[in-house]
1. From the residues in the range 65-99 that are in contact with a Lys or Arg (Cβ under 7 Å, 6 or more places away or on another chain) and closer than 14 Å to I128 by Cα, which one is surrounded by the fewest Cβ atoms within 10 Å (Cβ to Cβ)?
2. Anything in the range 100-146 that is modelled with pLDDT under 75 and either crowded, with 20+ Cβ neighbours inside 10 Å or among the polar types (S, T, N, Q) (or both)? List them, or say none.
3. Just to check your reading of the model, which residue among E112, E68, E89 is touching a Leu at 6+ places or on another chain (Cβ under 7 Å), in a strand (DSSP E or B) and charged (D, E, K, R)?
4. Would you check if there is a residue in the range 19-39 being at pLDDT below 90 and touching a His at 6+ places or on another chain (Cβ under 7 Å)?
5. Just one of the numbered conditions (1) touching a helix residue (DSSP H, G or I) at 6+ places or on another chain (Cβ under 9 Å); (2) under 14 Å from L127 (Cβ atoms); (3) open to solvent by 70 Å² or more (accessible area, probe 1.4 Å) is not true of P56; which one?
6. For D57, state whether it is part of a loop (DSSP other than H, G, I, E, B), of a type outside the set (K, R) and on the phi < 0 side of the Ramachandran plot.
7. For the range 68-93, enumerate the residues that are touching a Ser or Thr at 6+ places or on another chain (Cβ under 9 Å) and either touching a residue at least 60 places away in the same chain (Cβ under 8 Å) or more than 20 Å from N136 (Cα to Cα) (or both).
Amino acid sequence: MNGRTWKWALVTAPIVLSVAACVGWGGYPPAKNVRESQLIGTWHNKKCDTTVTLNPDGSASAIGIPTEMELDHKVTHRVSGDGTWRIDEFSGEQQLDVKVKVQAASYSALLEDFDLYRDKGRLLVALIVGDPDDDNWCILTRDSKR
């Protein structure tokens, strides 16, 4: 590497790192100041075949939450059930915590932490399945019939 390349790398590296820090996994910026009223409704992802309904009284129902995925993004295990939801905070970012009781021998209760993001003003609810480095995402959007 010549001197000019090193200078370019030293100048651009902080810029790249600062931009990367402003976006979450998947390239979406984390949502800020999310209120419960913004989450009430039915959230769905057709590709993951997942539906989560959040009710105003704090109750929730979930159908097909993936708990395991292959590297090719094929879901190998999923759970469904009824329970509760709330907004929580982790490492300075808001999260959606959904706790459901499932009808499976391997789970008596399941707590899933969904990340909250924005895409062009639209709120997204995202679940990372397994190791974040595997890039297995299930991004839910709210059904328009609200």
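1. Across the range 65-99, the extreme among qualifying residues is D97.
2. Q103, S106, S108, S144
3. Of E112, E68, E89, the one residue that is touching a Leu at 6+ places or on another chain (Cβ under 7 Å), in a strand (DSSP E or B) and charged (D, E, K, R) is E112.
4. no
5. The number of the failed condition is (2).
6. yes
7. E68, M69, G81, D82, G83, T84, W85
The values are calculated or read from the model by the stated rules, or taken from the named source; none is laboratory data. These numbers were taken from a predicted model, which means no experiment stands behind them. Reconstructed Cβ throughout: ideal geometry from the backbone, glycine too, with neighbour counts over all protein chains shown. Only protein heavy atoms, including side chains, enter the accessible area calculation; ligands, DNA and RNA are left aside. Shrake-Rupley method; radii C 1.70, N 1.55, O 1.52, S 1.80 Å.
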